[in-house]
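Notes to accompany the following structure.
What follows is calculated from the coordinates using simple rules that are stated; it is not laboratory data. Since the structure is predicted, the reported quantities are computational estimates derived from the model, not experimental observations. No Cβ is skipped: glycine too gets one built from the backbone with ideal geometry, and neighbour counts run over all protein chains shown.
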């Protein structure tokens, strides 16, 4: 609807405005003008409480209190079309933490940093691939970019929680690429340290099972399994020792982190235990960081005859 106010009756424009606010929560002066509202009419809407001005050129519905999400969108709209939610606000927008409407962070791509009352504005070069995406119609930093933004000053406990949440959602794999893109970014060294043990490694990418059995063959005090990759019923087992009633499962992150995968693993464990067998699970992370512990567990289990 982009006709002048001389052609569009006021009640029609009011109806369009109501629908727009209900759907998008915020509106700019430019949009109001495009709908046919004159500067005098906009001032009248504010005076009568139909619109509430949150920032210069940014309004919300004045007939109800703005929600935290509404305030996030308003702050972003005030920062301009190339801006995106970043830092703690991006983490909140992506539901990693609650929204704090009193501490809103946006990042702009500009040669200077604009001053917006009530908003913390950061300045950045244009974000690279995988650093910003659209969430509920809003430009928001991705988790790898959020981690990079918070790495310099964020509390370690909060960063650890974000890393864990990202690992559960499978969102960490782009972190290494983004770190390589910003090698001198403040906090990048700290972030690399916190990510140790969480990111996929050369070992992971080369094949966890192959690496495990290559290592196992060098352990002279561990008897080889009676069979590997054994399919029984609906399941396949990585290694089985019949005399010791032991089943070995090698858990790589790619197939054991989603909810459906976890439930499948639990059902598989019950299947083994109902048949009088024990099951030992070894994750790729533990194998990489604690092979001595893996060796000790295997030796203890294999010394226990059925």
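I need the shape label for the stretch 92-140. Rule: rounded when a/c is under 1.5, else prolate if a/b > b/c, else oblate, with a, b, c from the alpha carbon gyration tensor.
It is oblate, given that a/c is not under 1.5 and a/b is not larger than b/c.
Is the stretch 10-61 rounded, prolate or oblate when judged by the Cα gyration tensor, a ≥ b ≥ c being the square roots of its eigenvalues, rounded requiring a/c under 1.5 and prolate requiring a/b larger than b/c? Before the final figure, lay out each step's value.
Details: a/c = 1.30, a/b = 1.05, b/c = 1.23.
Rounded, because the longest to shortest axis ratio a/c is under 1.5.
Normalised by the number of residues in the chain, what is the relative contact order in percent for Cα pairs under 8 Å and 6+ residues apart? If you can, show how the numbers build up before the last one.
Working: 394 pairs, mean separation 28.0, N = 306.
Reported relative contact order: 9 percent.
With each label point set 7 Å from Cα along the Cα-Cβ vector, what nm distance links residue 218 and residue 56?
6.5
Calculated FRET efficiency, residue 160 and residue 134, Cβ-Cβ r, R0 41 Å, to nearest 0.05? Provide the component values of the computation, followed by the final result.
On the way: r = 27 Å, r/R0 = 0.67.
According to the calculation, E is roughly 0.90.
According to the square roots a ≥ b ≥ c of the eigenvalues of the Cα gyration tensor, what is the shape class of the stretch 205-302, taking rounded for a/c under 1.5, prolate for a/b larger than b/c otherwise, and oblate for the remainder?
oblate
Could you work out [θ]222 nm for the chain from helices alone, using -39500 (n - 2.57) per DSSP H run of at least four and dividing by all its residues? Round to the nearest 500 deg cm²/dmol.
Values: 14 runs with 134 residues, N = 306.
Mean residue ellipticity at 222 nm (helix-derived): -12500 deg cm²/dmol.
In percent, how large is the relative contact order of the stretch 10-61, given Cα pairs closer than 8 Å and 6 or more residues apart? Could the numbers behind the result be given before it?
Details: 40 pairs, mean separation 20.4, N = 52.
After rounding, I find 39 percent.
Looking at the stretch 79-195, send over the antiparallel percent of its DSSP beta bridges, to the nearest 5.
Values: 6 of 12 bridges.
So the antiparallel bridges in the stretch 79-195 amount to around 50 percent.
Over its Cα atoms, what ratio of radius of gyration to 2.2 N^0.38 Å does the stretch 82-219 give?
Details: Rg = 17.3 Å, N = 138, 2.2 N^0.38 = 14.3 Å.
Against the compact-globule rule of thumb, the ratio is 1.21.
What nm distance separates the two modelled labels at residue 227 and residue 289, each placed 7 Å from Cα along Cα→Cβ?
Going from the residue 227 label point to the residue 289 one covers 3.5 nm.
List 19, 8, 240 from most exposed to least, where exposure is judged by having the fewest other Cβ atoms within 10 Å. Working shown, then result.
Details: 19 10, 8 16, 240 19.
So the residues, fewest neighbours to most, are 19, 8, 240.
How high is the relative contact order of the stretch 205-302? Use alpha-carbon pairs under 8 Å, at least six apart in sequence, and give a whole percent. Could the numbers behind the result be given before it?
Values: 97 pairs, mean separation 25.0, N = 98.
Relative contact order here is 25 percent.
Neighbouring Cβ atoms within 10 Å as the yardstick, rank 145, 23 fewest first. Walk me through the numbers before you get to the answer.
Working: 145 26, 23 8.
So the residues, fewest neighbours to most, are 23, 145.
Which entry in (i) 71, 42, 41; (ii) 89, 44, 28; (iii) 54, 47, 43 matches Cα extents along the principal axes in Å derived from the coordinates of this structure?
Entry (ii).
Of the DSSP beta bridges with both residues in the chain, give the percent that are antiparallel, rounding to the nearest 5. Intermediate values should be presented prior to the final figure.
Working: 21 of 33 bridges.
About 65 percent, rounded to the nearest 5.
Please give, to one decimal in nm, the separation of the simple spin-label points placed at residue 29 and residue 67, each 7 Å out from Cα toward the Cβ.
Label-label distance for residue 29 and residue 67, simple model: 2.8 nm.
Considering only the stretch 205-302, what is the antiparallel percent among its DSSP beta bridges, to the nearest 5?
Details: 8 of 14 bridges.
Around 55 percent antiparallel, to the nearest 5.
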